[in-house]
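The values are calculated or read from the model by the stated rules, or taken from the named source; none is laboratory data. All figures in this text were calculated on a predicted structure; none of them were measured in a lab. So basically every Cβ, Gly included, is an ideal-geometry build from the backbone, and we count neighbours across all protein chains shown. Surface areas here come from the heavy atoms of the whole protein model, side chains and all, with no ligands, DNA or RNA. Shrake-Rupley method; radii C 1.70, N 1.55, O 1.52, S 1.80 Å.
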Amino acid sequence: MVLPATPSRDAGAHSRPSQDGQGEAGPPRPRRPPAFYSSVFAQIEEVGWGQLVSATGDDGVSCLTFRVMDEQRRHHLLEITLPMNYPACPPSIAADVPYLPKLQWSKSSRLKDVLCQFQEHLKVLQDYWSTMDGIDKALWVVDPTKPTYAMSHHRIALGDDCYILLHVDTHKPNSLPECRFLGTDGKLERLIKNWRKNRKRWSADRKFHENLATVLDFALPQPPSVSIKDDQQADCGICYATHLPVDDELGTQSGCAADYKCENPSCSRAFHSVCLRDWLRTITTTRSFDVLFGNCPYCSEPVAVKSTDS
């Protein structure tokens, strides 16, 4: 999802190749003034270089990605694209969320204001994500197998090749969801009948899966226990990559897969020890001796990793 903003400098007509196949040289692209770079670097300094994940674009800083942590220690990546006439015009933003905030912007606004508004937006979405987490833990979700923070649709297995496709309201996650039943007509008839008869029994005070079982008048199957095979490799919960890049600076960790897993059984999130170590060092509450002690970015349970690879 991208918040509309001023069209980028690449928008508009492009030169077409001539008949003999040779491309025509277009007009030189406008260049940003030197003051733009010093201003952007100062604004990144205000936010904190530790939150900056990447800086890309034709000029190296026109597309900035920051890591943002919400109240439940979920990690989010916020991509901020700066238009040619920034800061006179607002940047565009993209993130893995159900919907984006409408930026409040003025000529005096800065990058820190974008991140603050995004942080406030994340607070609004906490109940929604808590509801989705509860669904993932209590119900047999067959699709998506790897849900993202933006997804509001879940297909739940009911047994006997029957399913219910749920769309959770991102603004009122504890309300009665939109649904569609999938499967054999004969097996679904009773469930559909119960849904129509009992839907008024849905209560915002109960947990989502309890409401669903009450309305369907049906014992919902629990998610099957899934064991990760030794040869199955998981993505790191911090850098979101399966393997670290091949880089001499990483030493023995170069190209390695995730080698640390949260010991909380309901979390079990995998990390590269290098990524976890770097992340813990950015947290003021981290205790450091030969080992860094802190909390899991996802479940807040204690984690510990050596301060060096040696």
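List of remarks:
- Scan region 97-127 for residues that are loosely packed, with under 14 Cβ neighbours inside 10 Å and either among the aliphatic types (A, V, I, L, M) or in contact with a strand residue (DSSP E or B) (Cβ under 8 Å, 6 or more places away or on another chain) (or both) and the total you get is 1.
- Qualifying residues in region 167-181 (those that are part of a loop (DSSP other than H, G, I, E, B) and charged (D, E, K, R)) - the one surrounded by the fewest Cβ atoms within 10 Å (Cβ to Cβ): 172
- Any hit, region 145-155, residues being touching a strand residue (DSSP E or B) at 6+ places or on another chain (Cβ under 6 Å) and among the charged types (D, E, K, R): yes
- Scanning region 143-166 for residues being surrounded by 13 or more Cβ atoms within 10 Å (Cβ to Cβ) and without any contact (Cβ under 8 Å) to a residue 60 or more places away in the chain gives a total of 12.
- Here residue 81 fulfils each of the conditions (1) open to solvent by 40 Å² or more (accessible area, probe 1.4 Å); (2) more than 30 Å from residue 223 (Cα to Cα); (3) at pLDDT 90 or above; (4) out of contact with any strand residue (DSSP E or B) (no Cβ under 7 Å at 6 or more places or on another chain) apart from (4).
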